[in-house]
Amino acid sequence: MFQRIEPVPAYRTVCDAIEKQIMTGRLGAGDPLPTETELAEQFGLARHTVREGLRILEESGLVGREAGRRLFVKAPHYSDLAPRASRALVMQRVTFEELWEVSMSLEPSAAARAAARIDAEQIAQLEENYRHMEEERAAGRSIIALDVEFHTLVAEIAANKALLLAREPISQLFYPALAKLFAHPLNCETGPRRLAQAHRRIIDALKAHDAGQAELWMRRHMVDFRRGYELCSFNLKDAIAFEGA
């Protein structure tokens with residue numbers, strides 16, 4: 001009638017108790033945690049047990065320390081959380097096609113939102129990214145990192161934290177997909193050129209605060225990405241690998 005109850009390690013209880021205080025808002029970003037000694041007294045546990053629980057919290061990004069000082073609560077940046085989610089996607093054997101389908105919803109939406117919010121400083125950041133991309137392309141160097149940066153900038157301008165958290169793990173997995181695409185003889189020249197042209201159109205639409213055109217050109221940009229894969233006869237249902245794999 002009953003399933004066996006597995007005992008929970010004491011350090012896990014420490015970790016869960018502190019995490020609950022953080023997630024409920026009783027401890028906020030920047031708040032210092034009690035010292036190991038104080039926590040050991042409060043939990044009625046040995047310091048080494050408390051230390052192990054704190055180590056798990058540090059690895060999760062919920063707490064951290066600066067220059068060896070006492071631990072404090074952190075609000076993890078979306079880029080710090082993404083690698084773990086990316087690994088989970090890889091382990092699930094997620095395909096290029098699956099990533100592309102989700103991106104077809106996220107990236108045009110980000111562009112449309114960004115058009116309504118963009119300011120002069122953010123336009124300058126995009127223009128600098130584009131200028132750097134054209135320099136690297138003319139020199140025959142990779143523009144993949146700059147493409148990833150461009151899409152991240154647009155998403156940040158959109159100012160939607162849920163969108164940023166949703167797209168970042170996918171964005172990281174597109175990096176090796178782009179490397180594979182641009183390395184193919186059929187696409188090594190035309191791919192980077194068409195990519196840069198699409199970025200130019202998107203930037204112009206954002207500068208004009210034209211949400212419709214920004215969304216349209218981002219959608220065309222993503223469709224072109226898929227067509228490049230098909231042109232090179234890559235299997236869209238192949239599982240995506242980590243960068244460098």
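Annotations
- The single condition from (1) free of Cβ contacts under 8 Å to residues at least 12 places away in the same chain; (2) within 18 Å of residue 104 (Cα to Cα); (3) of a type in the set (Ser, Thr, Tyr) that residue 233 fails is (2).
- The stretch 111-140 residues that are in the same structural domain as residue 206 (by the TED database) and over 12 Å from residue 192 (Cβ atoms), paired with ones that are part of a helix (DSSP H, G or I) and not aliphatic (A, V, I, L, M) (beta carbon under 6 Å, 6 or more apart): 111/215; 112/215; 123/207; 129/149; 129/150; 130/199
- Tabulated pairs, the stretch 202-228, first at positive phi, second surrounded by 17 or more Cβ atoms within 10 Å (Cβ to Cβ) and modelled with pLDDT of 95 or more, C-beta under 9 angstrom, 6+ apart or interchain: 209/115; 209/118
- In the stretch 195-245, residue farthest from residue 142 (Cα to Cα) [restricted to those that are assigned to a loop (DSSP other than H, G, I, E, B), modelled with pLDDT under 95 and open to solvent by 50 Å² or more (accessible area, probe 1.4 Å)]: 237
- Test: residue in the stretch 83-104 that is among the acidic types (Asp, Glu) and either touching a Gly at 6+ places or on another chain (Cβ under 6 Å) or more than 30 Å from residue 174 (Cα to Cα) (or both): no
The values are calculated or read from the model by the stated rules, or taken from the named source; none is laboratory data. Model, not experiment: these values are computed from the prediction. Note: ideal-geometry Cβ built from the backbone for every residue, glycine included; neighbour counts use all protein chains shown. The area values use the complete protein model at the heavy-atom level, side chains included, leaving out ligands, DNA and RNA. Shrake-Rupley method; radii C 1.70, N 1.55, O 1.52, S 1.80 Å.
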